[in-house]
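Where a number appears in this text, it was derived from the coordinates with a stated rule and is not lab data. As the structure is a prediction and not an experimental result, all values here were calculated from the model. Backbone-built Cβ (ideal geometry, glycine too); neighbour counts: all protein chains shown.
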Amino acid sequence: MVTKSLDIKLARIRANPNCGEFILADAKDADMAFGIASPGKSPEHYAQEGKFRSLPEFHECIRQVVRQGLVDIMLMSAHANDLLTIKERLFDNSHVTPAARANDTTDVHVIREGTYIRQPSRPFRTATIEQIQCGRAECGPQERGLGADLGLYSVTFNNDIDLDLHTLERYREFRLEAEKKGFRHFLEVFDPNAPCNPIPEDKIGAYINDMIVRSLAGVPEAGRPLFLKMVYHGPKWTEELASYDPQLVIGILGGSAGTTYDAFKMIAEARKYGARVALYGRKINNAENQLAFIEMLRRIVDGQISPEEAVRAYHGVLQGLGIRPYRTLEDDMQLTAANMSYGGGGQVRVPAAVARPAAAPAVRSADAGRPAPAAAPSAGRPSPRDNGHPDFARMNSQERAAYFRQRLSRL
């Protein structure tokens, strides 16, 4: 079994939160939320037709991203995990860690003609831990390693004592069960989707930070989440949480698609102020070219390119591949109010003043997606190449940055 880059990076981050490592996840668990629209736009999509990918096409997107190797985690539904992790063995020779959504609260039931997302969230679990681990209701001791050993558990607090107490009790039940069954998890904390006692918008970050640290204060290390997945509330609240407990690894969620600059600027800002993980779902799934989009995200978090340069380089890739972008470069360089919940709840804000950099050179289509020579490994370290391809699991952040600088110079 290939060493997973997630485990390497988490160990480095916990040893030194300022080590420069950053964990990327592709959140392809949308079939737990959106129904027919889950796989995203079809390549033949026309707005007036509303055509979407099929589920097999969605699964092929997952395969392509895993084979690319630039993300550290692939988050899926229990069904996709069963097909790809357990039956197909997609992750056996990959440093990417498979993960599955372990619960699906009612505020992610984004159903056509449904109203669930406008009602206060209720905790709910479709899949069991055993079904994620081995694909069946009961697992033998040797079978628990067949599937994913990592799951996302989601909570939504709505500032109501009865609702939030019920949410916390269900989370406690899950934690205890997961600890007994050797199942790791990370914790997703949504902003209130229908608060019973409204909270001023500029205080949401304070409310969420306090709910996180209060909810985890009584949890020993064995039951704590590996990291968080939460709305990026801006520099003030991210720095506050990161400073409070440096061992609490902060991850941001992507929310709705928005512009390319929305996605690139947010991940750069979050990293700058203390986040060490980003889980992008719709932002990746709705991109014109998912692999090129992910490569730009990786370059940004490895400190090799700025968000502004990344937008221009991304458009250069699209041009080289003959792919028509959804927006002009000028429109795609705009910051918009990006919705941060499945149903369109809270908002993220990043600085509006953006200097216009010089245009990045266009990318030749012949170079797009072609592996470039890896940077020379550090003295005493194993070669960061495996079968002629870069082994990102064994590279540190400096080696990955050197790799991408070399690759960008070729492009």
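Key figures for this structure:
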{"item": "Cβ-derived FRET efficiency at R0 35 Å, Arg224 paired with Gln119, nearest 0.05", "result": "0.70"}
{"item": "DSSP-defined antiparallel bridges as percent of all bridges, region 5-370, nearest 5", "result": "10 percent"}
{"item": "GluC sites (Glu not before Pro) restricted to DSSP loop in region 66-159 with at most 11 other C-beta within 10 Å", "result": "Glu113, Glu138"}
{"item": "Extended-chain gain in nm, criterion 0.36 nm per residue less alpha-carbon gap, Arg112 and Ala11", "result": "32.1 nm"}
{"item": "Stretchable slack from Asp245 to Arg136, in nm (0.36 nm times residue separation minus alpha-carbon distance)", "result": "35.5 nm"}
{"item": "Cβ crowding within 10 Å averaged over residues, with 96-105, 14-23, 232-241 ranked highest first", "result": "96-105, 232-241, 14-23"}
{"item": "Convex hull volume per residue for region 5-370, taking Cα atoms only, in Å³", "result": "139 Å³"}
{"item": "5 angstrom amide H check on Ser121, placed H, neighbours 5+ away", "result": "Asn193, Ala194"}
{"item": "Descending semi-axes in whole angstrom, ellipsoid equivalent of region 206-280, from the Cα gyration tensor", "result": "23, 12, 11"}
{"item": "FRET efficiency for Leu176 and Met1, using Cβ-Cβ distance with R0 set to 22 Å, rounded to 0.05", "result": "0.20"}
{"item": "Dipole magnitude (debye, nearest 20) for region 5-370, charges at Cβ of Lys, Arg, Asp, Glu", "result": "540 debye"}
{"item": "Check: region 293-339 dipole with +1 on Lys, Arg Cβ and -1 on Asp, Glu Cβ, in debye", "result": "140 debye"}
{"item": "Distant-in-sequence amide H partners of Ile23 (H built 1.01 Å from N, under 5 Å)", "result": "Val277, Ala278"}
{"item": "Residue-count net charge about Glu179 - beta-carbon cut-off 12 Å; Lys, Arg +1, Asp, Glu -1", "result": "+3"}
{"item": "Label point 7 Å beyond Cα of Thr128 along Cβ direction - residues of region 70-95 with amide nitrogen under 17 Å", "result": "78-79, 82"}
{"item": "Whole-number Å³ per residue for the convex hull built on Cα positions in region 1-133", "result": "153 Å³"}
{"item": "Chain lengthening between Asn93 and Val213 when straightened (0.36 nm per residue, less Cα-Cα)", "result": "39.5 nm"}
{"item": "Assigned charges on the beta-carbon of Lys, Arg, Asp, Glu; region 69-164 dipole about Cα centre (debye)", "result": "220 debye"}
{"item": "Gln334 paired with Asp162, simple spin-label distance in nm, labels 7 Å along Cα-to-beta-carbon", "result": "4.5 nm"}
